[in-house]
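A.B. asks: Handing you a structure now.
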Amino acid sequence: MQGNSLWLGRFRAPVKFGMIIFIGITVALYLYLITLRLFSAEAYGMFEMIRPEGRPLVLTTLVSLGLALLFATLFLSDRLGVIETKPEGFFDLVSVVLGRLAMILVAFIVLVMFYEVVSRYIFSKPTLWANELSLWLAAFVFLLSGLYAMQQRCHIRIYIIYDLMPRWMQKTADVISVLLIVGFTFALIWGGYTDAKNRWMRMETFGTAWDPPIPGIVKPALLIIITLVCLQAISNLIADWNKVTVSHTPADEVDEHEIEAIRRTLGEK
């Protein structure tokens, strides 16, 4: 099993065990909270879930959920996808791990919206929190996906002129691109740090019935993740500096593995 490990090695089994344990604890606590809501007057709903002060059960559930996500992202990042670029350094590993977190959050958004659709259109009991929770999660999916895309070098690029350049000119273009990213990051932090700090310190909320602290969390996270994107861009520049020139063709965009899977599916039918 360790031979197939990307970076965890002998820690893969303990991480998998921790993931299973904390997912089990989180599910058990969630079911217990549902039971309390059905049969107890002191029930905890989504309003209390984002206000855990003085509620040990809610705090324990949130901590368990956080640990489950941590172990799950670490475990899932230990396998390389068929079309993924292999991580080559520390920042690459960080980006891959956070990319796995973005993938998990997409699944959470689907579950939240499914719950809202069923609650609204079957039981005629729409929630106050589903839309805002989806926005909250989607903000992190957007930010983390950008970091992952930078590590995978899969942002949209136009190679028509780039491929005609000699290698030294390609390196110059790469340096200019990274300097633009660094300049943008510097300007964003310079202009947004004070605002992000103030929003975080007062834990600014959304101003709705559920009132989650979306601005107080997303704005600081924006600056942090954009900084990671900048560091990843610099890491990519260093890693690709001595690589040979690669010519790009439309065939590069074809996913042979996906095509083969479609063929198998059609063949089974």
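The values are calculated or read from the model by the stated rules, or taken from the named source; none is laboratory data. This structure is a prediction, so every number in the text was calculated from the model and none was measured. Cβ atoms come from the backbone with ideal geometry, glycine included; neighbour counts cover every protein chain shown. Keep in mind that these areas ignore ligands, DNA and RNA; they rest on the heavy atoms of the full protein, side chains included. Shrake-Rupley method; radii C 1.70, N 1.55, O 1.52, S 1.80 Å.
A.B. asks: Mind telling me which of the residues Ala239, Ala209 ends up being farther than 24 Å from Phe91 by Cα, open to solvent by less than 80 Å² (accessible area, probe 1.4 Å) and at pLDDT below 95?
C.D. replies: Working: Ala239 fails: farther than 24 Å from Phe91 by Cα.
The conditions single out Ala209.
A.B. asks: Which of the residues that make up segment 92-141 are under 26 Å from Ile224 (Cβ atoms), of a type in the set (S, T, N, Q), free of Cβ contacts under 8 Å to residues at least 60 places away in the same chain and open to solvent by less than 30 Å² (accessible area, probe 1.4 Å)?
C.D. replies: Hit for segment 92-141 is Ser134, nothing else.
A.B. asks: Looking for something under 30 Å from Ala233 (Cβ atoms) and open to solvent by 70 Å² or more (accessible area, probe 1.4 Å) - is there at least one such residue anywhere in segment 46-55? Steps first, please.
C.D. replies: Of segment 46-55, the ones under 30 Å from Ala233 (Cβ atoms) are none.
Looking for residues that are under 30 Å from Ala233 (Cβ atoms) and open to solvent by 70 Å² or more (accessible area, probe 1.4 Å), one finds none in segment 46-55, hence no.
A.B. asks: The conditions are (1) farther than 30 Å from Ser5 by Cβ; (2) polar (S, T, N, Q); (3) open to solvent by less than 30 Å² (accessible area, probe 1.4 Å), and Thr73 fails exactly one of them. Which is it?
C.D. replies: Of everything listed in (1) farther than 30 Å from Ser5 by Cβ; (2) polar (S, T, N, Q); (3) open to solvent by less than 30 Å² (accessible area, probe 1.4 Å), Thr73 misses just condition (1).
A.B. asks: Give segment 3-18 a look and list any residue that's in a helix (DSSP H, G or I), among the aliphatic types (A, V, I, L, M) and open to solvent by less than 30 Å² (accessible area, probe 1.4 Å), or say none.
C.D. replies: As a first pass, look at segment 3-18 and keep what is in a helix (DSSP H, G or I): 3-4, 9-18.
Checking the rest, the ones that are also among the aliphatic types (A, V, I, L, M) come to 13, 15.
Val15, the sole residue that qualifies.
A.B. asks: When you check Gly191 against the structure, is it at positive phi, free of Cβ contacts under 8 Å to residues at least 12 places away in the same chain and surrounded by fewer than 17 Cβ atoms within 10 Å (Cβ to Cβ), yes or no? If you could, list the steps in order and put the result at the bottom.
C.D. replies: On the way: at positive phi: no; free of Cβ contacts under 8 Å to residues at least 12 places away in the same chain: yes; surrounded by fewer than 17 Cβ atoms within 10 Å (Cβ to Cβ): yes.
Judged against the criteria, Gly191 is not a match.
A.B. asks: Of (1) modelled with pLDDT of 95 or more; (2) over 25 Å from Pro215 (Cβ atoms); (3) of a type in the set (Ser, Thr, Tyr), Tyr32 satisfies all except one. Which?
C.D. replies: In the conditions (1) modelled with pLDDT of 95 or more; (2) over 25 Å from Pro215 (Cβ atoms); (3) of a type in the set (Ser, Thr, Tyr), Tyr32 misses (1) alone.
A.B. asks: Taking the condition touching a helix residue (DSSP H, G or I) at 6+ places or on another chain (Cβ under 8 Å) and closer than 22 Å to Gly216 by Cβ, does Phe108 pass?
C.D. replies: Details: touching a helix residue (DSSP H, G or I) at 6+ places or on another chain (Cβ under 8 Å): yes; closer than 22 Å to Gly216 by Cβ: yes.
Here the answer is yes, as Phe108 does meet what is asked.
A.B. asks: Looking for something touching a Lys or Arg at 6+ places or on another chain (Cβ under 6 Å) and touching a residue at least 60 places away in the same chain (Cβ under 8 Å) - is there at least one such residue anywhere in segment 57-76? Working first, answer last.
C.D. replies: Filtering segment 57-76 for residues touching a Lys or Arg at 6+ places or on another chain (Cβ under 6 Å) gives 73, 75-76.
Next, only the ones that are touching a residue at least 60 places away in the same chain (Cβ under 8 Å) stay: 75.
Checking segment 57-76: at least one residue is touching a Lys or Arg at 6+ places or on another chain (Cβ under 6 Å) and touching a residue at least 60 places away in the same chain (Cβ under 8 Å).
A.B. asks: With the checklist (1) of a type in the set (Asp, Glu); (2) assigned to a helix (DSSP H, G or I); (3) closer than 23 Å to Val106 by Cβ in hand, flag the one item Asp78 doesn't pass.
C.D. replies: (2) is the only condition that Asp78 fails.
A.B. asks: Can you spot a residue in segment 25-38 that is polar (S, T, N, Q), under 20 Å from Leu70 (Cα atoms) and either in a loop (DSSP other than H, G, I, E, B) or open to solvent by 40 Å² or more (accessible area, probe 1.4 Å) (or both)?
C.D. replies: Start the filter on segment 25-38 by keeping residues that are polar (S, T, N, Q), which leaves 26, 35.
With under 20 Å from Leu70 (Cα atoms) added as a condition, the list becomes 26.
Right, trim to either in a loop (DSSP other than H, G, I, E, B) or open to solvent by 40 Å² or more (accessible area, probe 1.4 Å) (or both) and you get none.
No: zero hits.
A.B. asks: Also, I was wondering about something else. Can Thr60 be described as more than 30 Å from Asn236 (Cα to Cα), open to solvent by less than 80 Å² (accessible area, probe 1.4 Å) and polar (S, T, N, Q)?
C.D. replies: Details: more than 30 Å from Asn236 (Cα to Cα): yes; open to solvent by less than 80 Å² (accessible area, probe 1.4 Å): yes; polar (S, T, N, Q): yes.
Yes, satisfied.
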